[in-house]
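Have a look at the structure below before the remarks.
Derivation of every value follows stated rules applied to the coordinates shown; laboratory data play no part. These numbers come from a predicted model, not from an experiment. No Cβ is skipped: glycine too gets one built from the backbone with ideal geometry, and neighbour counts run over all protein chains shown.
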């Protein structure tokens, strides 16, 4: 993924709200060392503050995770993974602080850890209805063990069913003043 430098003038002053119909938040984890299982969160929100020190903040409803396999989706909601009864949301608070990245804090299952994501800022631009939009594509990795997501199963030939590294990607379209 190519990146662009995040400069103070990249995101004009103002408050922006994510347009969920034109945005996505996805995850992927290596399964049995041979394939990547991907999923997405269907229910999330985010805000962006433009200006000299842009800031981004967001949350996801952990129960909205889907991988398009009913049994696996149910397991993800259990205490083995997201424990949606106790931790219904995961949150991210970040500041666009340097070229090519967003740094912040991700809280998942009540555990807050720093995270750095690569970033590409798109826009600003105006949509056909006169709204100012800014897009941000984010990509990065977390270690699920560091957030208390420790469930796994051994493989007969050695190793584990799931990798500890989870890849995160988000493509977010923000609308100014929405």
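For the ranges 149-156, 23-30, what's the packing order if you count other beta-carbon atoms within 10 Å of each residue, average per peptide, and put the highest first?
Numbers: 149-156: 11.8, 23-30: 18.2.
The packing order, highest mean first, is 23-30, 149-156.
What the Cα convex hull of the chain gives, in volume per residue, is 122 Å³. Taking the simple approach of a point 7 Å from Cα along Cα-to-Cβ for both residue 107 and residue 129, what is their distance in nm? Between residue 107 and residue 129, the simple spin-label model gives 3.2 nm. Does the stretch 24-123 classify as rounded, prolate or oblate by the C-alpha gyration tensor (a ≥ b ≥ c root eigenvalues; a/c under 1.5 gives rounded; else a/b over b/c gives prolate, otherwise oblate)? Judged from the Cα gyration tensor, the stretch 24-123 comes out prolate (a/c at least 1.5, a/b above b/c). With the convex hull of its Cα atoms as the shape, the stretch 50-92 has an orientation-averaged projected area of 3.9 nm². Comparing 14, 135, 50 in a Gaussian network model of the chain (Cα springs below 10 Å), the most mobile by mean-square fluctuation is 14. At full extension, residue 38 and residue 78 could sit 12.6 nm farther apart than now, given 0.36 nm per residue minus the alpha carbon distance. Summarising the overall dimensions of the stretch 103-148 from its C-alpha atoms, the Rg and Dmax are 15.4, 45 angstrom.
What residue among 63, 90, 160 shows peak mean-square fluctuation when the chain is described by a Gaussian network model with Cα springs under 10 Å? Of the options given, 160 has the highest mean-square fluctuation.
Over the stretch 5-70, the Kirkwood radius and the radius of gyration, each from Cα atoms, give a ratio Rg/Rh of 1.13.
Using C-alpha pairs below 8 Å separated by at least 6 residues, the relative contact order for the stretch 14-176 is 26 percent.
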